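What follows is a set of notes on a single structure, which appears directly below.
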Amino acid sequence: MAKKSIGTIIVSEDNTPNPTEFSFVLTKPEEEFRLNKGMYIVVPTDQGEVIGTISELFKTNRYFSSPSAVRAYETSGKTLASIFPSDRWEHIIAKAKTLGIITEIGIQRLLFPVSPGDTVFTPEKNTLVNFLGLEKTNGLNIGKIEQHDLDVHLNLTRLLQKHAAILAISGAGKSYTVSVLLEELLSRKAEQGRVAVVLFDVHGEYIGFGDGKSPFSKVVNVFPGALVQFATPAITPRQFAVYEPQITPAQSRELYRTTSKFYKEKIKQGESYDIADIIAELEKDEQINQRSKEALVGWLYNLESTRLFGSAENPSLQEIIQPGKIVIFDLSDFTSIKLKQMIVYYILTRIFNMRKKSEIPPTTIILEESHQFAPEARQELAISKSIVETIAREGRKFFTSLVLVSQRPVKLSTTALSQCNTHIIMKVLNPYDLDFIGRSSEGIDRATLNSITTLGVGEAIIVGNAVNHPIFVKVRKRKIKTLETQTLEESAINYET
C-alpha cells in the first residue's frame, strides 16, 4: 500500500485547519479513488507526518448552492446541468480529525495546525501498522481495516494481559468474534508464546471446537458441566460460606474445627473425604450448640444436593490446563444460575491459586454472559462475583487473563469491567449500555460512541491497551465450519423432517 496523493487542504468556514481537525478537497476523480468515512490519511510536514482519520464527507457544487435559482431553472423545464457545466464544479470535501504526528522521536500529540495547500496522502502500510500499534506478523489476526485492506494483528500481551471485554447486543457477532480469537490462540506455535484457555460456554456455542471434524479437536477438551466435581478437601470453611452466605461466623468456626480434624486424620494418611463425611462428623459432635448444628447441617445438605462436591476434583485442572490447549466447560444443560456460578467460582479460584504457585501455565479465561457471573448486584446474588473481581484486579500480576463477554454491559460489575483495558465493542443500541460503555472505555470519544449504533454484524471498534488509537475492524471469517448455526426457517424445516 504505497503512499498516494488524494487531496489538498483548504480553509473552511469552521475555523480549520487547527491542531485537532482540518478539511481537504479530493483532487482525484471518484472513479479513480473513493474516499470513505473512517479512512486514515497522512499529511507530510517539516516536523513529521501528521496522521488523521476522515470524520465526515460531503459534496458541494456552486451551481446548486442557491435553492431559489435551482427551483427557477427546474420549473422552467430545463435543468441546470443542461445549461451550465455543473458537473465540473462538483467537489468532495472531507473533514479529518488529527490523531497525532510521527516524528524522529516517536508518535507525538499534534500541537500545531497543518497548512492550507498541503497535500493529503493515503498512508503506507508500515506507517499505519506502526502508528496504530499493530503487529506485522506475530499477532492475533482479528480481521481487517476494510478501507485500507489491512489485516489487524493484535499483540497477545497488549490484548490479554490487562484483560479484555467483548460487548454487543445479541446477534451482533460476539460469539463469532470469540471463535476467531480462539482460532488465533490455538494456532500459535510454542516459539510465539502460547497460553492455556479456559472457556465457560453457557449456551453450548463452542462445543464444535472439539468435534472430530474440527482442525482443533486434538487441543480441545469439552467437559460437560454435569460431570464437574469439586474436591471437598480443597475447600476452606470461608469458601463454604461463599456457597452458602447464610452460614454464620460461629458455624464457620465449627466447620473449620471439623475439617482440620479430617486433615490430620485423613489427608495426611493419603485418604480423602466429602460433604457426607463432614455431615456425619458434625451430627455426632456433642460440643456444638444444637440449634447451630441443625442450621449448619442443613446448609451442608443443601450443598450436597447439588452433587458438585466429591472427594476428588473432576476434571483435574492441573492436568488438563496446558499451553496451546483449551478446556470448554459446557454449562448449557444447567438451568440454575446459582449452580453455574458455583462452578465458575470453584474453577476460577483453583486456577488463580494454582497460577500464583506457577502450577499451571499462563491462562486466559473467557467468560460468556459475564453479567450473570459478575453482576453489579449485591455479592449474595452472585457467588462467583468476588473471584471474577479479584482476578480482574490482580490477575495480570500472575498472568491470569479475563475476557468478559456480555450483551448487557450496564449490568456487569463496574469493578471487573473497569479493569479490562481493551474493549472490542460491536453493535449496541440500548442507551444505558451506550452511556455505561462511554464512561468505562478509555480513549472513546462521543463521535466514536455514536457510531456504535450503526455498526453492521461482524463490525467492531477496538479501543484501549491493544491499540494506540480506536480502530474499526471487520472481523475475519472463521476457519472452523462445525460452529455454523441454523436459521429459524432451517430449524423449523429440520424439526418436521
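Evaluate the following for residue 278: is it outside the structural domain of residue 396 (by TED's automatic domain parsing), surrounded by 13 or more Cβ atoms within 10 Å (Cβ to Cβ) and among the hydrophobic types (A, V, I, L, M, F, W, C)? So residue 278 passes the test.
Of all residues in the range 165-185, those satisfying the criterion of being closer than 19 Å to residue 429 by Cα, surrounded by fewer than 23 Cβ atoms within 10 Å (Cβ to Cβ) and among the polar types (S, T, N, Q) are 170, 175. Take the residues in the range 219-230 that are of a type in the set (A, V, I, L, M, F, W, C) and over 24 Å from the mean Cα position of the chain (by Cα), then tell me which one is surrounded by the fewest Cβ atoms within 10 Å (Cβ to Cβ). The extreme case among them is 227. Taken together, the residues in the range 251-296 that are modelled with pLDDT of 85 or more, within 42 Å of the chain's Cα centre (by Cα) and hydrophobic (A, V, I, L, M, F, W, C) amount to 5.
Among all residues of the range 197-210, there is at least one that is aliphatic (A, V, I, L, M) and out of contact with any helix residue (DSSP H, G or I) (no Cβ under 8 Å at 6 or more places or on another chain). The single condition among (1) closer than 17 Å to residue 465 by Cα; (2) not assigned by TED's automatic domain parsing to the domain that holds residue 347 that residue 146 does not meet is (1).
The rows are residues; the columns are (1) closer than 23 Å to residue 472 by Cα; (2) part of a strand (DSSP E or B); (3) modelled with pLDDT of 90 or more.
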{"residue": "13", "(1), (2), (3)": "no, no, no"}
{"residue": "29", "(1), (2), (3)": "no, no, no"}
{"residue": "34", "(1), (2), (3)": "yes, no, no"}
{"residue": "50", "(1), (2), (3)": "yes, yes, yes"}
{"residue": "69", "(1), (2), (3)": "no, no, no"}
{"residue": "81", "(1), (2), (3)": "no, no, no"}
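Of all residues in the range 1-15, those satisfying the criterion of being surrounded by fewer than 20 Cβ atoms within 10 Å (Cβ to Cβ), closer than 15 Å to residue 120 by Cα and over 36 Å from the mean Cα position of the chain (by Cα) are 5, 8, 10, 11. Residues in the range 367-395 that are modelled with pLDDT under 95 and farther than 26 Å from residue 204 by Cβ: 376, 378, 379, 380, 386. Residues in the range 108-156 that are surrounded by fewer than 14 Cβ atoms within 10 Å (Cβ to Cβ) and touching a helix residue (DSSP H, G or I) at 6+ places or on another chain (Cβ under 8 Å): 136, 138.
Scanning the range 248-261 for residues that are loosely packed, with under 15 Cβ neighbours inside 10 Å and of a type outside the set (Ser, Thr, Tyr) returns 249, 250, 253, 261. As a summary of the residue check, residue 306 satisfies the conditions (1) buried (at least 18 other Cβ atoms within 10 Å of the Cβ); (2) closer than 14 Å to residue 228 by Cα except for the one numbered (1). Applying the set (1) closer than 14 Å to residue 328 by Cβ; (2) surrounded by 14 or more Cβ atoms within 10 Å (Cβ to Cβ) to residue 241 leaves exactly one unmet item: (1). For the subset of the range 449-497 comprising residues that are part of a helix (DSSP H, G or I) and among the aliphatic types (A, V, I, L, M), which member is modelled with the highest pLDDT? Ranking the candidates gives 452 first.
One line per residue, one yes/no per condition, for (1) buried (at least 17 other Cβ atoms within 10 Å of the Cβ); (2) more than 22 Å from residue 354 (Cβ to Cβ); (3) hydrophobic (A, V, I, L, M, F, W, C):
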residue: 232; (1), (2), (3): yes, no, no
residue: 246; (1), (2), (3): no, yes, no
residue: 263; (1), (2), (3): no, no, no
residue: 327; (1), (2), (3): yes, no, yes
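Restricted to the range 309-325, and to residues there that are closer than 15 Å to residue 227 by Cα and out of contact with any Lys or Arg (no Cβ under 9 Å at 6 or more places or on another chain), the residue that is surrounded by the most Cβ atoms within 10 Å (Cβ to Cβ) is 309. When each of 356, 325 is tested for being over 30 Å from residue 217 (Cβ atoms), modelled with pLDDT of 90 or more, under 40 Å from the mean Cα position of the chain (by Cα) and assigned by TED's automatic domain parsing to the domain that holds residue 217, the lone residue that passes is 356.
Conditions (1) more than 20 Å from the chain's Cα centre (by Cα); (2) more than 23 Å from residue 241 (Cα to Cα), marked per residue:
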| site | (1), (2) |
| --- | --- |
| 334 | yes, no |
| 344 | no, no |
| 351 | yes, no |
| 375 | no, no |
| 382 | yes, no |
| 394 | no, no |
| 410 | no, yes |
| 414 | no, yes |
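Of all the residues in the range 162-218, those that are part of a helix (DSSP H, G or I), of a type in the set (A, V, I, L, M, F, W, C) and under 15 Å from the mean Cα position of the chain (by Cα) number 5.
The values are calculated or read from the model by the stated rules, or taken from the named source; none is laboratory data. Nothing here was measured: the structure is a model prediction, and the numbers come from that model. Every residue, glycine among them, receives a Cβ derived from its backbone with ideal geometry; neighbour counts consider all protein chains shown.
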